[in-house]
Amino acid sequence: MSTVVWRVADRAYTEPPFNPFDGEGARLYGGRWNNAGVPVVYAAGACSLALLEVLVHVPDLAVLQGYVAYRVEVPDALILDVPFERLPGNWNQPGLVPDLRKLGDDWARSRSSVALRVPSAIVPVEHNYVLNPRHPDFELVVLGPREPLPVDPRLIKK
């Protein structure tokens with residue numbers, strides 16, 4: 001069995017020389033679950049959650065018109081869950097939490113799984129997935145084609 005996850009990305013970074021699944025953006029800038037220097041790819045358990053994860057970071061919602069989505073299938077055996085008990089008390093605060101970044105860095109470097117299933121800080125009952133493009137089994141992940149991301153115009157009204 002496989003779990004379907006979604007990656008939403010700016011179209012400008014999905015065409016050569018860029019690759020939306022190489023982890024380069026997260027390697028350069030870091031994220032909630034990784035420090036700069038550690039390549040990972042962020043995805044979500046639903047396309048709508050992936051969109052919400054973008055919405056909280058973009059300064060102008062009009063940029064969503066340039067975003068696309070990828071449907072990704074990750075074999076269940078390659079997913080590791082992060083139990084709530086392992087999360088620090090401040091895990092879902094806005095901004096970056098050093099303990100989460102260390103947990104993600106340690107996981108990525110260990111190559112213990114292709115994907116790390118983590119709770120969303122935006123919607124804690126849903127999950128995001130941190131993918132490790134350097135894991136030897138990453139090739140078993142099925143990357144769907146780039147799809148348009150239809151966004152309801154009401155989301156981008158001022």
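The values are calculated or read from the model by the stated rules, or taken from the named source; none is laboratory data. The structure displayed is predicted, hence computed values, not measured ones. Quick reminder, even Gly has a Cβ in these numbers, built from the backbone with ideal geometry, and neighbours come from all protein chains shown.
So in the range 95-152, with the set limited to residues that are aromatic (Phe, Trp, Tyr) and either over 15 Å from the mean Cα position of the chain (by Cα) or in a helix (DSSP H, G or I) (or both), which one is farthest from TYR67 (Cα to Cα)? Within the range 95-152, the match that is farthest from TYR67 (Cα to Cα) is TRP107.
For the range 4-23, filtered to residues that are outside any loop (DSSP other than H, G, I, E, B) and in contact with a Pro (Cβ under 7 Å, 6 or more places away or on another chain), the residue that is nearest to ASP99 (Cα to Cα) is ARG7. For the range 81-90, the criterion of being touching a residue at least 24 places away in the same chain (Cβ under 8 Å), touching a helix residue (DSSP H, G or I) at 6+ places or on another chain (Cβ under 9 Å) and either within 18 Å of ASN132 (Cβ to Cβ) or surrounded by fewer than 16 Cβ atoms within 10 Å (Cβ to Cβ) (or both) is satisfied by at least one residue. Residues that are exposed (fewer than 15 other Cβ atoms within 10 Å of the Cβ) and of a type in the set (Gly, Ala, Ser) were ranked within the range 104-158; the one that is nearest to ASN19 (Cα to Cα) is GLY144. Criterion first (aromatic (Phe, Trp, Tyr) and modelled with pLDDT of 95 or more) does TRP107 satisfy it? Here the answer is yes, as TRP107 does meet what is asked.
Taking the range 53-70 as the range and being surrounded by fewer than 16 Cβ atoms within 10 Å (Cβ to Cβ) and touching a residue at least 24 places away in the same chain (Cβ under 8 Å) as the test, the residues that pass are LEU55, VAL56, LEU61, ALA62, VAL63, GLN65, GLY66. Filtering the range 63-79 for residues that are more than 17 Å from GLY144 (Cβ to Cβ), among the basic types (Lys, Arg) and in contact with a Pro (Cβ under 9 Å, 6 or more places away or on another chain) leaves an empty set. Considering (1) closer than 17 Å to VAL40 by Cα; (2) outside any helix (DSSP H, G or I), the lone condition that PRO88 does not fulfil carries the number (1). Taking the criterion of being touching a strand residue (DSSP E or B) at 6+ places or on another chain (Cβ under 7 Å) and of a type in the set (Gly, Ala, Ser), the residues of the range 107-158 that qualify are ALA108, SER112, SER113, ALA115, SER120, GLY144.
A Cβ distance below 9 Å, combined with a sequence gap of six or more or placement on separate chains, defines the contacts here; from the range 124-140, residues that are closer than 15 Å to GLU53 by Cβ reach residues that are among the acidic types (Asp, Glu) in the pairs HIS127/ASP81; ASN128/GLU53. Of the numbered criteria (1) within 24 Å of PRO145 (Cβ to Cβ); (2) in contact (Cβ under 8 Å) with a residue 24 or more places away in the chain; (3) surrounded by 15 or more Cβ atoms within 10 Å (Cβ to Cβ); (4) out of contact with any Leu (no Cβ under 7 Å at 6 or more places or on another chain), the one VAL38 fails is (1).
Of the residues ALA50, ALA26, only one is within 18 Å of SER120 (Cβ to Cβ) and either touching a residue at least 40 places away in the same chain (Cβ under 8 Å) or part of a strand (DSSP E or B) (or both); which?
Working: ALA26 fails: either touching a residue at least 40 places away in the same chain (Cβ under 8 Å) or part of a strand (DSSP E or B) (or both).
Exactly one of ALA50, ALA26 is within 18 Å of SER120 (Cβ to Cβ) and either touching a residue at least 40 places away in the same chain (Cβ under 8 Å) or part of a strand (DSSP E or B) (or both), namely ALA50.
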